[in-house]
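All remarks here apply to the structure that follows.
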Amino acid sequence: MTELTQIFQTLSQNKQKAKFIQQLHVEAPYFNHPSEAELAMRPLVSTLPTMNRLTELRLRLSKTKDPSLDQELITILKARYFNLKTFFCFDWIDLMDIIKTHPDLQYLGVYGHDELIPPLLDEIQTYTIPTRYLPRPPPPFMFSLERDSYFPQPNILTLCPGLLQPRRINIHKLTTTFMAMLDDDNDRYARLNRDYIRHVKLYFQNLEDTDYIEEFLSDIMKFLPNITELNLFSSRSSLIKNKKNPIKPSPTRRTHIPLYLQPFPEEISAQ
């Protein structure tokens with residue numbers, strides 16, 4: 001960790017150099033270990049506020065043994081020192097706060113289990129509903145990476161394209177950009193290989209929008225050729241109006257559709 005500390009110390013002492021930083025990837029050798037995370041986080045929190053041009057931040061750091069240090073990082077992320085467009089992190093950080101603080105956020109990734117995805121989707125759908133006086137920014141493209149305990153690398157990928165407006169996005173451009181980001185997410189200690197992805201979970205707002213789903217799946221299959229299981233979930237929420245809570249989304253419904261080594265037909269893939 002000496003090398004990492006020296007880099008952050010140099011940046012904290014030279015604000016002109018720190019202002020040139022646009023992308024920052026930080027991980028500890030044992031990023032799930034609190035003491036290792038603390039060694040990386042202490043110089044990080046002292047340097048982040050000086051990186052005014054930062055647009056991409058990826059943190060492979062668990063919670064530390066010092067709650068005040070963890071809170072200091074969260075405070076910095078919410079303080080608008082920079083405007084993130086890409087943010088990857090572990091699931092102990094409040095992702096809804098990140099979405100509210102960084103309106104230009106385009107990609108939001110989570111290293112860890114996907115249990116937080118359904119409630120977060122419901123919260124995002126409520127937050128991004130435009131009001132008469134307060135327009136809302138479009139939600140980011142969200143994903144999570146996790147692995148079965150017996151796999152050395154991530155083998156489960158969860159994607160949430162359902163919050164995006166199908167008519168306003170170029171699906172091929174979206175998936176190509178996203179897969180390039182995954183390929184770039186190969187740090188020194190945590191290696192990611194798309195060929196190891198076997199299980200994919202997809203959250204759509206409406207499973208009846210078959211054209212959008214087919215186009216998205218055909219692109220995904222090109223980039224992830226070794227998928228053996230696919231799960232489709234519906235995140236469509238019906239809005240209930242009442243006096244105490246004017247807008248309340250219903251819980252995300254889960255619809256399980258398994259796919260076992262079943263590639264799409266050539267005519268669909270070619271569309």
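Which residue, of Leu39, Leu73, Leu48, Leu44, is in a helix (DSSP H, G or I), open to solvent by 20 Å² or more (accessible area, probe 1.4 Å) and under 25 Å from Gln16 (Cα atoms)? Please lay out each step first, then the result.
Numbers: Leu73 fails: open to solvent by 20 Å² or more (accessible area, probe 1.4 Å); Leu48 fails: open to solvent by 20 Å² or more (accessible area, probe 1.4 Å); Leu44 fails: open to solvent by 20 Å² or more (accessible area, probe 1.4 Å).
Result: Leu39 is the single residue among Leu39, Leu73, Leu48, Leu44 that is in a helix (DSSP H, G or I), open to solvent by 20 Å² or more (accessible area, probe 1.4 Å) and under 25 Å from Gln16 (Cα atoms).
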Worksheet item: How do the pairs read when you match residues in the stretch 199-214 that are over 13 Å from Asp114 (Cα atoms) with residues anywhere that are assigned to a loop (DSSP other than H, G, I, E, B) and among the hydroxyl-bearing types (Ser, Thr, Tyr), using Cβ under 6 Å and keeping only pairs 6 or more apart or on different chains?
Response: Gln205/Ser235
Worksheet entry | Residue check, Phe82 in a loop (DSSP other than H, G, I, E, B), open to solvent by less than 30 Å² (accessible area, probe 1.4 Å) and in contact with a Lys or Arg (Cβ under 9 Å, 6 or more places away or on another chain) | yes
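Scan Arg53, Arg58, Arg42 and give me the residue that is basic (Lys, Arg) and touching a residue at least 40 places away in the same chain (Cβ under 8 Å).
On the way: Arg53 fails: touching a residue at least 40 places away in the same chain (Cβ under 8 Å); Arg42 fails: touching a residue at least 40 places away in the same chain (Cβ under 8 Å).
None of the other options fit; the residue is Arg58.
Within the bounds of the stretch 93-104, is there any residue that is basic (Lys, Arg) and either in a helix (DSSP H, G or I) or open to solvent by less than 10 Å² (accessible area, probe 1.4 Å) (or both)? Give the steps one after another, and end with the answer.
Within the stretch 93-104, the subset basic (Lys, Arg) is 100.
Now restrict to residues that are either in a helix (DSSP H, G or I) or open to solvent by less than 10 Å² (accessible area, probe 1.4 Å) (or both): 100.
Yes, that holds for at least one residue.
The values are calculated or read from the model by the stated rules, or taken from the named source; none is laboratory data. Model, not experiment: these values are computed from the prediction. Backbone-built Cβ (ideal geometry, glycine too); neighbour counts: all protein chains shown. For the accessible areas, the whole protein counts, side chains as well, though only heavy atoms, and no ligand, DNA or RNA atoms are used. Shrake-Rupley method; radii C 1.70, N 1.55, O 1.52, S 1.80 Å.
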